[in-house]
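Report on one structure; see the data block that follows.
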Amino acid sequence: MNKTYSVIGVGNIARAFLSALSGLSGKFAVPNSTVTLYNRTEAKISDLKKAGYNTVCTPYDAAMAGDIIFLGVKPQNLKEIFSILRDGGADLSGKLIISPCAGVTCEDLARLSGCSAVIRIMPNTPMQIGRGVTEICRSASVSDKDYQYICRVFSMCGEVITVSEEEMNAMTAATSSAVALVYRLICAFADGAKQYGATNAQVESAVAKTFIGAAEMLMSSDKSADELVAAVRSPKGATEQALLVFDEKNIDGIIAEAIKACADRCAELGSEYGA
Ligand SMILES: NC(=O)c1ccc[n+]([C@@H]2O[C@H](COP(=O)([O-])OP(=O)(O)OC[C@H]3O[C@@H](n4cnc5c(N)ncnc54)[C@H](OP(=O)(O)O)[C@@H]3O)[C@@H](O)[C@H]2O)c1
């Protein structure tokens, strides 16, 4: 699929996208020379220039260079970018836009950009090590062929899950922002162990490996998470005491509240920066 690419805003997520593109091979291969990059701070992409990517000095030049435009900026930066493109007379119709911007809908992106073909993605940072989860949805103008191709690109950095646009904000909370919540939980488990006597240097990595092992066991098991909890919890045993504290403090309710706060903020970002 001999398409050219542009990336506007080359931070963490855009770099993971570039790694995914460079992982494609055979008839899907995307040479670095067919990818044009623009970043506000040019010095931060000098390594990519050395690696053979085209770099340009304006978002306009980037947008005009590629058939597929990846928006690697924050939602707060979208209006500024699109106003520069509009003022320059950029015609984006016929292109495809990919956006990871939280909360901003396909419809808003189409209106702001003048490009009706929009794919929204919600990746997470483990995509940087090929273990990400990316939710994806599209506007009606995106062809099946283009959509499947972009799903293939993101599958280079982990799982790709098609969702409805209505689900995006909740899934952003549960799989994208959730990465930070999981890190907090890992720290809290390790700190708790330290408070009650653990002194070895591997506490944090042991806890992290416990999260990985528990998650991988759930994925490879035909049992539900609740059934696996029951398998560890023995009546009047030690695990039961810990679970009773979770119940007493309503940990499920606390996490549901955190998910709601995050999903609500996504909706606000969409209203503030997509309108
Ligand atoms: N990080 C995550 O876990 C995550 C997960 C899912 C989705 N997302 C979404 O992905 C997007 C990018 O996030 P990120 O974590 O990659 O952010 P990031 O690392 O902060 O990268 C943002 C990049 O945009 C550049 N930029 C800012 N304003 C610009 C402008 N006007 N023109 C061109 N470039 C501009 C910044 O340039 P400078 O070098 O000048 O700062 C920076 O390189 C966001 O919309 C975010 O909501 C992030």
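The values are calculated or read from the model by the stated rules, or taken from the named source; none is laboratory data. Predicted model, so just to flag it, every value in this text is computed and none were measured. Virtual Cβ from ideal backbone geometry, glycine too; neighbours counted across all protein chains shown.
If we keep just the residues of the stretch 93-106 that are surrounded by 14 or more Cβ atoms within 10 Å (Cβ to Cβ) and away from the ligand (no atom under 16 Å from the Cβ), which is farthest from residue 164 (Cα to Cα)? Working first, answer last.
Taking the stretch 93-106 first, the residues surrounded by 14 or more Cβ atoms within 10 Å (Cβ to Cβ) are 95-106.
Add one more test, that the residue is away from the ligand (no atom under 16 Å from the Cβ), and what stays is 95-96.
Details: 95: 22, 96: 19 Å.
Ranking the candidates gives 95 first.
Can you name every residue in the stretch 15-60 that is surrounded by 20 or more Cβ atoms within 10 Å (Cβ to Cβ), of a type in the set (Phe, Trp, Tyr) and within 12 Å of the ligand (Cβ to nearest atom)?
17, 38
Mind checking which pairs have a first residue in the stretch 171-191 that is aromatic (Phe, Trp, Tyr) and a second that is in a helix (DSSP H, G or I), Cβ under 7 Å, 6 or more apart or different chains?
Once the first residue is aromatic (Phe, Trp, Tyr) and sits in the stretch 171-191, its partners that are in a helix (DSSP H, G or I) give 189/207.
If you check 244, 181, which single one turns out to be farther than 29 Å from residue 117 by Cβ and either basic (Lys, Arg) or within 16 Å of the ligand (Cβ to nearest atom) (or both)? Let's see the steps before the verdict.
Numbers: 244 fails: either basic (Lys, Arg) or within 16 Å of the ligand (Cβ to nearest atom) (or both).
Just a single option satisfies the conditions, and that option is 181.
Are there helices (runs of 4 or more DSSP H) fully within the stretch 1-83 with at least 2 residues that are over 20 Å from residue 125 (Cβ atoms)? List them. Please lay out each step first, then the result.
Details: elements: 12-23, 46-50, 59-65.
Of the helices (runs of 4 or more DSSP H) lying wholly inside the stretch 1-83, those with at least 2 residues that are over 20 Å from residue 125 (Cβ atoms) span 46-50, 59-65.
In the stretch 99-112, which residues are in contact (Cβ under 8 Å) with a residue 60 or more places away in the chain and under 16 Å from the mean Cα position of the chain (by Cα)?
Once the filter is applied, which keeps residues that are in contact (Cβ under 8 Å) with a residue 60 or more places away in the chain and under 16 Å from the mean Cα position of the chain (by Cα), the stretch 99-112 yields 100, 101, 102, 103, 104, 105.
Scan the stretch 207-230 for residues that are among the hydrophobic types (A, V, I, L, M, F, W, C) and loosely packed, with under 10 Cβ neighbours inside 10 Å and report the count.
Going through the stretch 207-230, the residues among the hydrophobic types (A, V, I, L, M, F, W, C) turn out to be 207-208, 211-212, 214-215, 217-219, 225, 228-230.
Filter again for loosely packed, with under 10 Cβ neighbours inside 10 Å, leaving 219.
The total comes to 1.
Can we say residue 78 is under 28 Å from residue 105 (Cα atoms), within 14 Å of the ligand (Cβ to nearest atom), surrounded by 18 or more Cβ atoms within 10 Å (Cβ to Cβ) and hydrophobic (A, V, I, L, M, F, W, C)? Write out each step before concluding.
Numbers: under 28 Å from residue 105 (Cα atoms): yes; within 14 Å of the ligand (Cβ to nearest atom): yes; surrounded by 18 or more Cβ atoms within 10 Å (Cβ to Cβ): yes; hydrophobic (A, V, I, L, M, F, W, C): yes.
Here the answer is yes, as residue 78 does meet what is asked.
Those residues that are in contact with a Pro (Cβ under 9 Å, 6 or more places away or on another chain) and in a loop (DSSP other than H, G, I, E, B), I need them from the stretch 91-138; list them, please.
100, 101, 102, 103, 104, 123
Enumerate the helices (runs of 4 or more DSSP H) found wholly within the stretch 153-264, keeping only those where 1 or more residues are outside the structural domain of residue 135 (by TED's automatic domain parsing) and among the aromatic types (Phe, Trp, Tyr).
On the way: elements: 168-171, 178-195, 203-220, 225-232, 238-248.
Passing ranges, in order: 178-195, 203-220, 238-248.
Among the residues in the stretch 112-135, are any acidic (Asp, Glu) and within 11 Å of the ligand (Cβ to nearest atom)? Let's see the steps before the verdict.
Step one: of the stretch 112-135, the residues acidic (Asp, Glu) are 135.
With within 11 Å of the ligand (Cβ to nearest atom) added as a condition, the list becomes 135.
Yes, the stretch 112-135 contains at least one residue that is acidic (Asp, Glu) and within 11 Å of the ligand (Cβ to nearest atom).
Quickly run through the stretch 61-75 and pick out the residues that are away from the ligand (no atom under 13 Å from the Cβ), buried (at least 18 other Cβ atoms within 10 Å of the Cβ) and of a type outside the set (A, V, I, L, M).
Residues of the stretch 61-75 that are away from the ligand (no atom under 13 Å from the Cβ), as a first pass: 64-68.
Subsequent filtering for residues that are buried (at least 18 other Cβ atoms within 10 Å of the Cβ) retains 64-66, 68.
66 - this is the single residue of the stretch 61-75 that is away from the ligand (no atom under 13 Å from the Cβ), buried (at least 18 other Cβ atoms within 10 Å of the Cβ) and of a type outside the set (A, V, I, L, M).
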